[in-house]
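Participant: Input: one structure, supplied below.
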Amino acid sequence: MGGSRVTCTGCSLLCDDIIIRSDGLYIDEVYGACLKGKERFDQVTGKNRILSPLIRKNGDFEKIKLEDALDKSLEIIKNSSRPLLYGFSTVSCQAQLKGIELTKLINGFIDSNSTICQGKVLNASKQTGMTLTTISEIINKTDLLIFWGANVAESIPRLLNKTLFSRGKFRMTGREIKTIIIIDPVKTASFGVMGVRDIALQIEPGKDIELIRILKEECCSPNSIPSKGIAGIDSDDLRRLLIQLTNAENGVIFIGQGVVGSSPSTALLQELLELVQMINAKQQKGRMAVMMVGGHYNMAGFDHVALSMTGKNGNLQFSGNQLIETSDTIISKINNNDFDCSIIVGTDPVSHLPWELSRKLISKPLILIDNKKSATSYVANIIIPSNITGIESGGLAYRLDHVPVELQKIVNPPNNILSDEEILSKLIEGLSSSQRG
Amino acid sequence: MEMLVNTVRMVDNDQLKEFSFGDDISLKENLAVCFLNPIDSKKLDITPNMNLKLSNEYGQVILKIEENKNIPVGTILLPVSIWANQITGIVEGQLIFKNIKVHAEVTEEIVLDIKDLLRIIKK
């Protein structure tokens, strides 16, 4: 029983250096995975794994056959005129493609978790442009890493190993020439890796935009820094930050939820992206880029699949089997009760959304396609279990740096559970055959 | 006392881990919890076995209290969960998970478990 190298789908870093030992039936050992990665592999035998299709009857769940669960789901979909599809960030790109095909067929609305996460950065970049980079570029070239509102030590645990402590091809040195700057109101676990040359900036909550505006104003003249500092950051640290930003040979800003989820408007993100463009325009020798730190392993994938299929990265509304223009978002659709059933794939909106939206979502028939228990599974009307992509089925996923990575099947799923792609295909087939009939 | 809430993902208080491997008790133990600076804890006059009630225009939630000196004074951290989302809402069409204004007060009221919360949400 030899070891084989596989890709981990524990988070969006999609580490491709995990060694597992398996006989094809069970995963016996996992080497090189972080805590989140190990948990992902352990989910195969997790005690709360959903192994049978379930239907709610008189308030309680009953096990049913897959064919019956699909038929009942089709019944709900056929009786719906405004179906809503949401999730799709922990499934393969092939399943995302099928999700969009299904939405088109049933004239529904579809969006992914990206819309309340890194999709906001993509949307802001439509106004400003955006300089991206890849993990390989960071490993090989970067000398400045800025984590802005991103606690990567807990959210993407191996990101620091790969980027900060690595030794690149084009540099003779590693960690010793790399500077990290963390900008966060909370002294998170990520602060634990900081050395004497690094800069820890505990910014006052909600003052990020004030800091960015000062940096934009002063980015080429670090001699006129406000003497009192700004946003809780003193003038010495501000000066050090500016010097690093304007002198780094190859820098990257990791944008976390602390930035993405802190303001309703896109102004903060736009100003941050403008700052990066401004530095790049004025830099003589270096380059600054950004990287979005999304948590779910294929959140970036939905943006790519949707863009390639429709020209839009999210908020897809179909009518007459055609994509139509809409100003709606998943938030406005639920908030305005502009839906009459929902198909949730691989996510847990009841945990993720404000309770007022959850209340509206669960007031209509809800079909859940997922492999584990969640708050949404407590209140779904039908649950169709899916296998675990990247372990029990293969597919394509986009890493957080938007590089496509092929996922492998390692073991067979229990009870021959279908993949998300296969379940969605069966729903499409069922609808197509009834339309033909 | 008026404070700011930030919802965050934490390795030790992770809903995905609890839903995959835990039960309703461990879910409540690890997610229905808030972290605040000991200075705030003192200001709020928190005593053992008391909980914290957070309320704002969106709703209210009761949570177990844990002190952490790394959290800035005036800020409360909540792990992302159904409990945290009792006090989040929509601003200008967007969901806001950071810098949420809340009124914090000590209470003897009990922390609800997930089934009670879902029952209330359904109503």
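Participant: Only loop residues by DSSP count here, and only those with at most 14 other Cβ atoms within 10 Å; note down the chymotrypsin sites (Phe, Trp or Tyr not before Pro) in region A:295-371 that meet that.
Facilitator: Of the chymotrypsin sites (Phe, Trp or Tyr not before Pro), not one in the loops of region A:295-371 has a Cβ with at most 14 other Cβ atoms within 10 Å.
Participant: Summing -39500 (n - 2.57) over the DSSP H runs of n ≥ 4 in chain B and dividing by its residue number, what mean residue ellipticity at 222 nm do you reach, to the nearest 500 deg cm²/dmol?
Facilitator: Values: 4 runs with 30 residues, N = 123.
It lands at -6500 deg cm²/dmol.
Participant: Explain nothing, just the number: dipole magnitude of region A:276-333 about its Cα centre with +1 on each Lys and Arg Cβ and -1 on each Asp and Glu Cβ, in debye rounded to the nearest 20.
Facilitator: 400 debye
Participant: Could you work out how far helix A:235-247 tilts from the main Cα principal axis of chain A, as a 0 to 90 degree angle to the nearest 10?
Facilitator: Long axis of A:235-247 versus the principal axis of chain A: about 80 degrees.
Participant: Now for a different question. In debye, nearest 20: dipole of the protein assembly as shown around its Cα centre with unit charges on the Cβ of K, R (+) and D, E (-)?
Facilitator: Roughly 700 debye for the protein assembly as shown.
Participant: Note the angle between two axes, namely the Cα long axis of helix A:208-218 and the longest principal axis of the Cα atoms of chain A, as a number of degrees from 0 to 90, rounded to the nearest 10.
Facilitator: Approximately 40 degrees, to the nearest 10.
Participant: While we're on this one: Classify region A:119-292: rounded, prolate or oblate, from the alpha-carbon gyration tensor (a ≥ b ≥ c, eigenvalue square roots; a/c under 1.5 rounded; otherwise prolate if a/b is larger than b/c)? Write out the running numbers ahead of the final one.
Facilitator: Working: a/c = 1.25, a/b = 1.21, b/c = 1.03.
Rounded, since a/c falls under 1.5.
Participant: Cut-off under 19 Å on the C-alpha distance; same-chain residues fewer than 8 positions from residue A:104 excluded. Which lysines are left, in chain and number order?
Facilitator: Cα-Cα hits under 19 Å: A:78, A:312, A:333, A:426.
Participant: May I pose another question? Which value in Å is the Kirkwood Rh of the protein assembly as shown over different Cα pairs?
Facilitator: With all distinct Cα pairs of the protein assembly as shown included, I get 24.4 Å.
Participant: Do any of A:360/B:53; A:372/B:64; B:28/B:53 go past 22 Å between their Cα atoms, and which?
Facilitator: Those over the limit are A:360/B:53; A:372/B:64.
Participant: Still on this structure, please answer the following. Rounded to the nearest 20 debye, what is the charge dipole size of region B:2-122 about its Cα centre when +1 sits on each Lys and Arg Cβ and -1 on each Asp and Glu Cβ? Please list the in-between numbers first.
Facilitator: Details: 13 positive and 18 negative charges, 47 e Å.
Here region B:2-122 has a charge dipole of around 220 debye.
Participant: Mean-square fluctuation check for chain B, GNM, Cα pairs under 10 Å: which of B:78, B:36, B:54 is largest?
Facilitator: Residue with maximal mean-square fluctuation among B:78, B:36, B:54: B:36.
Participant: Straight distance only, please: which aspartates and glutamates reach the Cα of residue A:285 with their own Cα at less than 20 Å, same-chain residues fewer than 8 apart left out?
Facilitator: Cross-link targets: A:137, A:143, A:218, A:249, A:274.
Participant: Using alpha carbons only, how many degrees (0 to 90, rounded to 10) separate the axis of helix A:119-128 from the longest principal axis of chain A?
Facilitator: 50 degrees
Participant: Can you tell me, using C-alpha contacts under 8 Å and at least 6 residues apart, the relative contact order of chain A as a whole percent?
Facilitator: Values: 878 pairs, mean separation 106.7, N = 437.
After rounding, I find 24 percent.
Participant: Using a cut-off of 12 Å between beta-carbons, work out the net charge of the residues near residue A:420 (Lys and Arg +1, Asp and Glu -1, residue A:420 not included).
Facilitator: Cβ neighbours under 12 Å give a net charge of -2.
Participant: Excluding residues on the same chain fewer than 8 positions from residue A:162, give the lysines whose Cα lies under 18 Å from its Cα.
Facilitator: Partners found: A:36, A:38, A:141, A:178.
Participant: Right, another one. Rank-order A:25-31, A:321-327 by packing density, defined as the average count of other C-beta atoms within 10 Å over each peptide's residues, highest first.
Facilitator: The most tightly packed comes first, giving A:25-31, A:321-327.
Participant: In deg cm²/dmol, rounded to 500, what helix-only [θ] at 222 nm does chain A give when every DSSP H run of at least 4 residues adds -39500 (n - 2.57) and the total is split over its residues?
Facilitator: About -10000 deg cm²/dmol.
Only the coordinates and a few stated rules stand behind these numbers; no lab work does. Treat the numbers as computed from the prediction; the structure is a model and nothing was measured. Positions of Cβ are backbone-derived with ideal geometry, glycine not excepted, and every protein chain shown enters the neighbour counts.
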